[in-house]
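These notes concern the structure reproduced below.
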C-alpha cells in the first residue's frame, strides 16, 4: 500500500495521519436512511470522541478532528449529494495535507453485504455505488480504503431506490442503528490500532 498521488492545490493545511469520509445524502428527507449509514457512523465516532463538526463550505463538507496514537485524524461528511461526493475530496485532502491515498478511508453502505456485516478493505470495485464512483473519478484511482456497511439487497431490482433512500421502521430501524454503532466500533479500532489490526478484527469470520 505505497500509492501516492498529488493533491490539487498542493500542501496547504495542517497534516492529518488519517482522513475518514462518511458518505451520506444531505437533508432531513434522507436522514436515517440506509444510504446514509456511512455518514452516520462517522458522526457517531465524532460524538463518542467529544468532537464537534463544523461546516466548511470551501471543503463542501462538515469536518471534525480527533486524536489517535499516530496523530491527528480528520473526520468528514460531504454536504453534497451522494453522486457528487468526489467534489469534497480535493479541498479536503489539501486542507489535511494528505497525499497518500492509503491513508484515506471511505465509509459507505453496501448492497452486496447482508445487514450486520462489515468489511474493511483496501481498493476494490465500485459495486454500482454512486458515491464511490464520484470519488474515483475525482481521485483518478480506486486505491483507497473502504469500510463497507452491509444493507442487503431487496428482492427485486426496482425496489433498490426505495430500499436505500427511505427510512426503515420497526425492527429494521433497530437493526440499522445497531449496524451504525458497530461500524463506529470498527472505526475506533482503525483509529486506535491501525489498518492491519482493524482489518483482521473486522473481517474475521466474515469472508
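Against the definition (in contact with a helix residue (DSSP H, G or I) (Cβ under 9 Å, 6 or more places away or on another chain), over 24 Å from residue 43 (Cα atoms) and in contact (Cβ under 8 Å) with a residue 12 or more places away in the chain), how does residue 133 come out, yes or no?
Values: in contact with a helix residue (DSSP H, G or I) (Cβ under 9 Å, 6 or more places away or on another chain): yes; over 24 Å from residue 43 (Cα atoms): no; in contact (Cβ under 8 Å) with a residue 12 or more places away in the chain: yes.
Against the criterion (in contact with a helix residue (DSSP H, G or I) (Cβ under 9 Å, 6 or more places away or on another chain), over 24 Å from residue 43 (Cα atoms) and in contact (Cβ under 8 Å) with a residue 12 or more places away in the chain), residue 133 does not qualify.
Within the range 13-28, can you find the residues that are part of a loop (DSSP other than H, G, I, E, B) and either surrounded by 16 or more Cβ atoms within 10 Å (Cβ to Cβ) or on the phi > 0 side of the Ramachandran plot (or both)? Walk me through it before giving the result.
Taking the range 13-28 and keeping what is part of a loop (DSSP other than H, G, I, E, B), we get 13-17, 23-27.
Those that are part of a loop (DSSP other than H, G, I, E, B) and either surrounded by 16 or more Cβ atoms within 10 Å (Cβ to Cβ) or on the phi > 0 side of the Ramachandran plot (or both): 13, 16, 17, 23, 24, 25, 26, 27.
State all residues of the range 174-183 that are touching a residue at least 12 places away in the same chain (Cβ under 8 Å) and within 17 Å of residue 24 (Cα to Cα); if no residue qualifies, say none.
Within the range 174-183, 176, 179, 180, 181, 183 qualify.
Restricting attention to the range 148-164, and to residues there that are in contact with a helix residue (DSSP H, G or I) (Cβ under 6 Å, 6 or more places away or on another chain) and touching a residue at least 24 places away in the same chain (Cβ under 8 Å), which single residue is surrounded by the fewest Cβ atoms within 10 Å (Cβ to Cβ)?
164
Which residues, counting only those in the range 182-207, are loosely packed, with under 14 Cβ neighbours inside 10 Å and either on the phi < 0 side of the Ramachandran plot or within 15 Å of the chain's Cα centre (by Cα) (or both)?
Selection gives 192, 196, 197, 200, 204, 206, 207.
Which residue is surrounded by the most Cβ atoms within 10 Å (Cβ to Cβ), if the candidates are limited to the range 106-123 and must be more than 15 Å from residue 142 (Cβ to Cβ) and out of contact with any strand residue (DSSP E or B) (no Cβ under 7 Å at 6 or more places or on another chain)?
Result: 111.
Among the listed residues 37, 77, 73, which satisfies the condition of being within 16 Å of residue 103 (Cβ to Cβ), modelled with pLDDT of 95 or more, crowded, with 20+ Cβ neighbours inside 10 Å and in contact with a helix residue (DSSP H, G or I) (Cβ under 7 Å, 6 or more places away or on another chain)? Break it down stepwise before answering.
Working: 37 fails: within 16 Å of residue 103 (Cβ to Cβ); 77 fails: within 16 Å of residue 103 (Cβ to Cβ).
So the residue among 37, 77, 73 that is within 16 Å of residue 103 (Cβ to Cβ), modelled with pLDDT of 95 or more, crowded, with 20+ Cβ neighbours inside 10 Å and in contact with a helix residue (DSSP H, G or I) (Cβ under 7 Å, 6 or more places away or on another chain) is 73.
The values are calculated or read from the model by the stated rules, or taken from the named source; none is laboratory data. None of these values were measured; they are calculated from a predicted model. Glycine also receives a Cβ, built like all others from the backbone with ideal geometry; neighbour counts cover every protein chain displayed.
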